[in-house]
Structure formats: structure tokens, C-alpha cells
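Working notes for the structure below.
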Amino acid sequence: RRLALTYDPFVREPSVEQLQPTQDNTDPLNLYSGNPELKPEYHHRIRMELTNYHKQTNSFLNGHMHLDYTENKIVNSIQIDSLYRRITQPINIQSGFLTADGAVSFGFRFWRQRLRLNWVSQWNLSEGVNPVNTVLNLTKRWSASASPRIEWRFGEDSEVALRATARYQQIRYSIQTALNQNIWTQEIEAELTTAMPFGLHLNGVFEYNVFSSSILGPQPGIPIVNLALIKYLDQRNWEIRLLVVDALKRNTGIVQTAEANYAQEEIIRSLSRYGLLMVTYNLNRGQKAKDS
């Protein structure tokens with residue numbers, strides 16, 4: 001068991017780019033100018049961490065919470081001029097801002113050590129402010145997620161695992177409330193590993209991801225299938241893996257974000273179906289075999 005509580009005050013100085021007084025007009029519609037009058041940020045950070053591990057039952061409980069309070073926060077001030085150009089300059093905000101995050105995870109085996117349950121929960125809270133045409137726009141972000149995973153061993157080298165993840169993100173603005181957002185992400189994953197003839201092992205992973213936003217709307221679900229044929233050699237020190245990634249050819253990256261004065265959705269066409277041959281040597285297993 002381990003319990004730790006720490007307090008760290010530290011200073012974060014402005015970057016060279018933030019201090020440069022010259023204007024960057026690379027993008028004529030989005031100009032950036034540094035501020036040589038910037039002061040350093042002063043942070044107060046508190047961290048609490050808990051670890052509890054039981055070797056005989058192979059069970060664990062971990063948790064942490066971090067708090068960060070910032071004075072002289074450096075933020076980007078945005079001005080929209082008569083030509084509709086966006087002019088950005090970093091400035092100091094005197095009032096303090098709080099960022100907090102935490103997580104709890106645990107895992108244990110049951111039913112004759114054949115079943116294992118793992119659970120991970122995370123949360124995050126942050127405050128920010130961005131002046132837009134001298135009007136302070138206060139932004140509050142809150143997010144939480146939960147991810148249970150259950151594993152079932154049947155036989156010496158066979159296992160089935162199921163995982164579900166739900167993430168919720170809430171963004172609220174003091175002005176431009178029409179940009180307030182609720183973002184949901186759901187993921188379902190099923191994984192099978194089983195022994196095959198001739199000393200081979202088959203590994204298959206099926207993922208199904210769903211994204212939705214209160215402003216940008218839902219996106220179609222994305223199914224992903226990865227398959228692998230595995231051969232172990234030399235007491236599993238060597239591993240040869242033939243992998244097929246995105247067998248259904250459906251892989252697409254989706255990122256939904258909300259910033260000071262806009263909401264954005266990125267749809268990224270990722271590398272689609274491909275094959276890969278991997279040869280791996282496990283140094284840790286070789287050392288353990290040598291020690292024994």
C-alpha cells in the first residue's frame with residue numbers, strides 16, 4: 001500500500017514566440033503578435049496518489065487526484081477587426097484558474113481465477129478565459145469516462161475479453177452560449193485469443209466506435225476488425241506475428257473540439273487495410289528464463 005501527498009509550486013515563463021513583438025502575417029486572415037510585457041505564470045499544484053496491490057490474489061486499486069491553481073495565466077486575446085481578420089495576442093489574466101483531474105482503477109480475479117474484471121474511471125475539470133474583442137469569454141470544461149473490461153480464460157492459451165467505454169464531455173461558455181456542447185463517445189471492443197494447430201495462435205479484435213455532438217450531430221458507427229496469426233518460439237522469447245489491420249477497410253478518425261469562438265469537427269481518412277509481418281524478441285522473458 002502506498003499513499004502520497006505532494007505540493008509543488010513552480011513558475012512557467014512565456015515562450016520566445018509569445019514574447020516576440022513582431023507580427024506574424026503568414027496567414028493574412030489570422031494574424032499573431034507577441035507581447036513583450038508578459039509575466040510568468042505561477043502555479044500551485046497538489047497531487048494525491050493511492051496504490052493498493054495484493055500479490056496473492058493479483059488484485060489492485062489505484063487512484064489519484066491532481067489540482068492546479070494558476071495565477072497570471074497567459075491566455076490568447078482575440079480581436080476581430082473591420083476587415084474580419086482575427087488578431088491574436090497573448091496577455092496575462094490576474095485572476096486565478098483551476099484545473100483538476102482524477103482517476104480510479106481496480107482489477108481482480110474471481111470464479112476459480114478464470115474471470116478477471118478491470119475498471120478505469122477518469123474525470124477532468126478545467127476553467128479558461130479568452131478575451132474576444134475585450135469581452136471576457138469564460139470557458140468551463142468537464143469530462144468523465146468509465147471503461148469496464150472483463151476477461152475469461154478457457155484453456156491454457158485461450159481467452160475472451162470484452163470492453164466498453166463511455167466518455168462524456170461538456171463545454172460551457174459565458175458568452176456565445178450557442179456554442180455550448182455535449183460530446184458523447186462510445187466504444188465497444190471484443191477480443192479473442194485461442195490456440196490453433198501446429199502451435200499457432202489466433203488473435204482477433206473487433207471495435208465499434210460511435211461519436212455524437214449536440215451541435216455537430218451524430219456520426220455513423222465505425223467498425224474496425226484486426227486479425228493476427230501468432231507463432232511463439234524458444235519458450236516464447238521469440239514471437240512471429242502476421243497482422244491484418246482494418247480488415248473491413250472502415251477506419252476513419254473523428255475529432256470533435258470546441259475552442260474560444262468556434263466548434264470544429266475533423267474527419268481524418270486514416271491508413272486503411274494493410275498487412276504487417278512482425279518479429280519480436282522479448283528481453284524480459286529471456287532474463288527471467290536465465291534467472292530461473
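The values are calculated or read from the model by the stated rules, or taken from the named source; none is laboratory data. All values derive from a computational prediction rather than experimental measurement. Because the Cβ atoms are built from the backbone with ideal geometry, glycine has one as well, and the counts that use them run over all protein chains shown. These accessible areas exclude ligands, DNA and RNA; they are computed on the full protein's heavy atoms, side chains included. Shrake-Rupley method; radii C 1.70, N 1.55, O 1.52, S 1.80 Å.
In table form, for the structure just shown:
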| quantity | calculated |
| --- | --- |
| Which listed residue is surrounded by 16 or more Cβ atoms within 10 Å (Cβ to Cβ), assigned to a strand (DSSP E or B) and touching a strand residue (DSSP E or B) at 6+ places or on another chain (Cβ under 8 Å), from D68, D101 | D68 |
| Leading residue by the ranking (nearest to the chain's Cα centre (by Cα)) among those in the stretch 230-249 that are of a type in the set (D, E, K, R) and at pLDDT below 90 | R236 |
| W111 vs. criteria over 25 Å from N209 (Cβ atoms), surrounded by fewer than 16 Cβ atoms within 10 Å (Cβ to Cβ) and not aliphatic (A, V, I, L, M) | yes |
| Some residue of the stretch 107-125 being within 30 Å of Q79 (Cα to Cα) and at pLDDT 90 or above | yes |
| Residue check for L38: among the aliphatic types (A, V, I, L, M), in contact (Cβ under 8 Å) with a residue 12 or more places away in the chain, closer than 29 Å to T88 by Cα and surrounded by 13 or more Cβ atoms within 10 Å (Cβ to Cβ) | yes |
| Neighbours by Cβ (under 6 Å, 6+ apart or cross-chain): first from the stretch 66-77, under 11 Å from G96 (Cα atoms); second surrounded by fewer than 16 Cβ atoms within 10 Å (Cβ to Cβ) | D68/R45; Y69/H44; Y69/G96; Y69/L98; E71/Y42; E71/G96; N72/K39; N72/Y42 |
| Of residues in the stretch 25-35 being touching a residue at least 12 places away in the same chain (Cβ under 8 Å) and part of a strand (DSSP E or B), the one surrounded by the most Cβ atoms within 10 Å (Cβ to Cβ) | Y32 |
| Residue match in the stretch 97-115 (condition: closer than 16 Å to T70 by Cβ and not hydrophobic (A, V, I, L, M, F, W, C)) | yes |
| Residue in the stretch 171-182 that is among the polar types (S, T, N, Q), assigned to a strand (DSSP E or B) and at pLDDT below 90 present | yes |
| Unmet requirement for F198, which otherwise passes all of (1) open to solvent by 60 Å² or more (accessible area, probe 1.4 Å); (2) under 24 Å from R273 (Cβ atoms) | (2) |
| Hey, P40 over 30 Å from A144 (Cα atoms) and at pLDDT 95 or above or not | yes |
| Residue selected from the stretch 47-56 under the condition open to solvent by 60 Å² or more (accessible area, probe 1.4 Å) and of a type outside the set (K, R), by the criterion farthest from the chain's Cα centre (by Cα) | Q56 |
| Residues of the stretch 234-246 satisfying the condition of being out of contact with any helix residue (DSSP H, G or I) (no Cβ under 9 Å at 6 or more places or on another chain) and surrounded by fewer than 15 Cβ atoms within 10 Å (Cβ to Cβ) | I240, L242 |
| Of residues in the stretch 1-24 being surrounded by 13 or more Cβ atoms within 10 Å (Cβ to Cβ) and in a strand (DSSP E or B), the one modelled with the lowest pLDDT | D24 |
| The stretch 151-170, residues that are in a strand (DSSP E or B) and either open to solvent by less than 40 Å² (accessible area, probe 1.4 Å) or of a type in the set (G, A, S) (or both) | E151, A161, A164, T165, A166 |
| Residue count for the stretch 71-89, restricted to those that are outside any strand (DSSP E or B) and among the small types (G, A, S) | 1 |
